[in-house]
Structures are given as C-alpha cells and as structure tokens.
Amino acid sequence: MLAAAFNEEMYLKGINYFNGWGRYGAVKWQTAGKDWRKDYYGRIPLWGCFNGKDTMEKEIEVASSYGVDFFKMLWYPTEPPREKGVEYLNGCFKDFLSCPNKDKLKFCLEFSNHNPFGIATDELWEKAVGEWVSYMKEPQYLRVDGKPVISFLWIHYFLEQCGYDEKLAEKRLSYLRETARKKGVGEILLGGGIIMDHIIKETTGKILRFFDFTTSYNSLPADLTNIDLNEQAKYPYKLLSAHVSTRRAALQMQMDRPYVPYLVSGWDPSPWSTTKKGKFFEFPTREEWRETLEELKIYLDETPESRLCGVKMFSIYAWNEYGEGGIIAPTVGEGNMKLEELKSVFGEQYGK
C-alpha cells in the first residue's frame, strides 16, 4: 500500500512503455520501406532494437537502478486487427512477467484507445476487462493505497467510442470496477487522459465523474506561428517543456480530482515523416532536462491537490518511442543521460 507504507517524501516515477518494436519485420524501424536507423543512429537503443523477454530483462535492470518505479505499458485491442503487427503490441505484459528480475519494478496498464483502437462491442469490452483484471492480480502490478492503477489514454475518445452515449460509458466503466471486485482485486484507481480546453468542456467533462484522477500522455503547443523558424530547423525543447508546465497548472485548476502530471522527454517524429516538416523539437540538453525535472519536483511539492491518495506521482513520455523522439531508454546518442538526471533530481525508487 504505497501511500501508507512508503516514504511520503519520495516520488513515484513511471515511464510509458511501447511494445511496437517487434521482430516481425521491423516495420516501426522503417519508413516507406527504408530502415531509418542508419540516418538516426543516435536513437538506436543500447539494450536491443526489438522487444522481447531478453530486452525487457535488461530494461528492468537499468530502469530500476536509476530509480524508475514502474513501466506504464500501453495496451491495444487486437480484435479486429487494425494494422500490421497489432497482435504483438501487448507482448510486453508477458515479457515483463516472465523476467526473473521482475520484482525490481512495478507495471500498470494504460488502454491506448486513440483511434482506430477503440472497443466497439460489449462482448469485446468484457473480454478486454477480463485480461486487464488478470494483470491486476499480479504481485508486481502497481497499487497506490492498496488499489491497482489503470488509465485510459484519452477520456474524450472513450466517450466517442461509446457513441457519445453517457449511459453506455457508465455501464462499461461500472463493469470494469465490478469485475475487479468480483475477481478479488478490490477497488481500482481509474485515470483518464485529458487534452485541450474545448475537448474537456464538450466531451471529457460529461463523464469525468466516473474517473478517480486525470493525466495526459503527450501534448504539443497549439500555435507556434509567432516563432521565427525556417522550414528545416526544429523548435527548441524549452518551448515544449514550457507548454507542458503551463498546461499542467491550467488542467489541475479545471479538475475537481487529482491531475497526475507528466513530462515529455522529447518530440521529433522525423524518422516517421516523409516531409520532414511539422512540430518537431530539438532533444533536450542535459541542463534543459535537469531544469525540466527540477521544475516538476517543485510543482509536486507545492501542489498537494495533484497527489493521488497523497502520493507524489508522475509519468514520463516515454521509455522507447524511438520513432517519435520520446526516449528515456539508454541510446547510442544520449547514453544514460536522462536516467542519470532523473535519479539525481528524484532519488531512489519509491520507499527506498
């Protein structure tokens, strides 16, 4: 029971984990049929380019040694198939649970429900819930105040995928909670991602009462037209970091429940872009990354309403979004830099 049994002065640190780097043709390492790794050599992970038990075991070791508390693993509905390789996206759960060093880290599930990954029918919903609850029974599943933590990537997409039917949304969320109770898991802590003001007002706010906390996966500045930038350059990381910080404070003010904050470790999807144009940002320097972490630490210390059951908790986008540029995992280009600064600012694992 984290809130009661662990040091309340410490910080519960989670990192999103994406299992899209399978050995089934390396499609995520390719753009238009071309392997992009040699053009973005610095992004190559040190512990292996492909997901699997062997890679996961090394990732658990290095993450835990730098104070990471849990992987927030993206879960995707695989029925019906939406894209090539979708059947492999949830393999991280099996890989994690089969690792001999799994006790060094916790994990939790985040339903990656962005389109087209919604769940359309009650039958598929019940099947998904059964799988989610089975993971919650595992000793390494993340619990706060004795309750397993689960979140949906975006609340507004969940309502959209329920046909904007609030009663159906309530029915499905009630089924999730009731199943957890019946299977001996107990009460859960259900979170949901929120994004822009107009979406909060028009959709998210209609079913917010069914969630215990809110958070965000990632967000980009809406308007950068006043920034002097030529077509080929990238925006400075500080603009991205400042946006996340400003939104964090604004979203917490709009909520009547905890808003568990997040950080963006980077955003530059150039490897996956055929035009090389868009809202791409430079990777943070060590100094910029440290400043971003220190700013979040101050926020957590000074904003008790953001704490989940009294716990100063946050997540980072992301461990291994190599194509999008959200990267904490050790790479050829950065080594362990981001993990080193994370441990320097936030210390050891929670409770140690």
### Summary
Check: C-alpha center segment 129-190 vs C-alpha center segment 316-340, spacing in Å is 29
### Task
Work from the charge dipole of segment 305-345 (Cβ charges, +1 for Lys and Arg, -1 for Asp and Glu, about the Cα centre) and give the residue of Met313, Gly335, Gly325 farthest towards its positive end.
Met313
## Note on the structure
Relative contact order of the chain (C-alpha contacts under 8 Å, at least 6 apart) in percent is 25
### Query
Among [x] 200; [y] 133; [z] 154, which is the computed volume of the Cα convex hull per residue in Å³?
[y]
### DSSP H segments from the chain that extend 15 Å or more along their own axis, Cα-based, with Kyte-Doolittle mean of -1.0 or above
53-65, 122-136, 237-254
### Query
Considering only Cys99, Pro77, Pro116, whose Cα is most displaced toward the positive end of the charge dipole of segment 69-161, charges sitting on Cβ of Lys, Arg (+1) and Asp, Glu (-1)?
Cys99
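Give the residue list of chymotrypsin sites (Phe, Trp or Tyr not before Pro) in segment 102-208 that are DSSP loop and have at most 16 other beta-carbon atoms within 10 angstrom. Write out the running numbers ahead of the final one.
Numbers: sites: Phe107, Phe111, Phe117, Trp125, Trp132, Tyr135, Tyr141, Phe152, Trp154, Tyr157, Phe158, Tyr164, Tyr175; in loops: Phe117, Trp154, Tyr164.
Passing sites in segment 102-208 are Tyr164.
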### Message
Run lengths n ≥ 4 of DSSP H only: what is the helix-derived mean residue ellipticity at 222 nm for the chain, with -39500 (n - 2.57) per run over all residues, to the nearest 500?
### Response
-9500 deg cm²/dmol
### Query
How about segment 60-133: which GluC sites (Glu not before Pro) there are in a DSSP loop, with at most 16 other Cβ atoms within 10 Å of their Cβ?
Glu83
### Query
So for segment 68-217, Kirkwood radius off the Cα pairs, Stokes-Einstein at 4 °C and 1.567 mPa s: how many µm² s⁻¹?
82
### Query
What is the local net charge at Tyr76, summed over the other residues whose Cβ is closer than 11 Å to its Cβ (Lys, Arg +1; Asp, Glu -1)?
-3
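Decide, for segment 101-160, between rounded, prolate and oblate: order the square roots of the alpha carbon gyration tensor eigenvalues as a ≥ b ≥ c, take rounded if a/c falls under 1.5, and otherwise choose prolate if a/b is larger than b/c, else oblate.
In terms of gyration-tensor shape, prolate.
Among DSSP bridges having both ends in the chain, what percentage is antiparallel? Round to the nearest 5. Display every interim value, and only then the final one.
Details: 9 of 40 bridges.
So the antiparallel bridges amount to about 20 percent of the total.
Each value in this text was obtained by applying a stated rule to the coordinates, not by laboratory testing. None of the values given here were measured: they were computed from a predicted structure. Cβ sites come from the backbone with ideal geometry, for glycine too, and all protein chains shown count toward neighbours.
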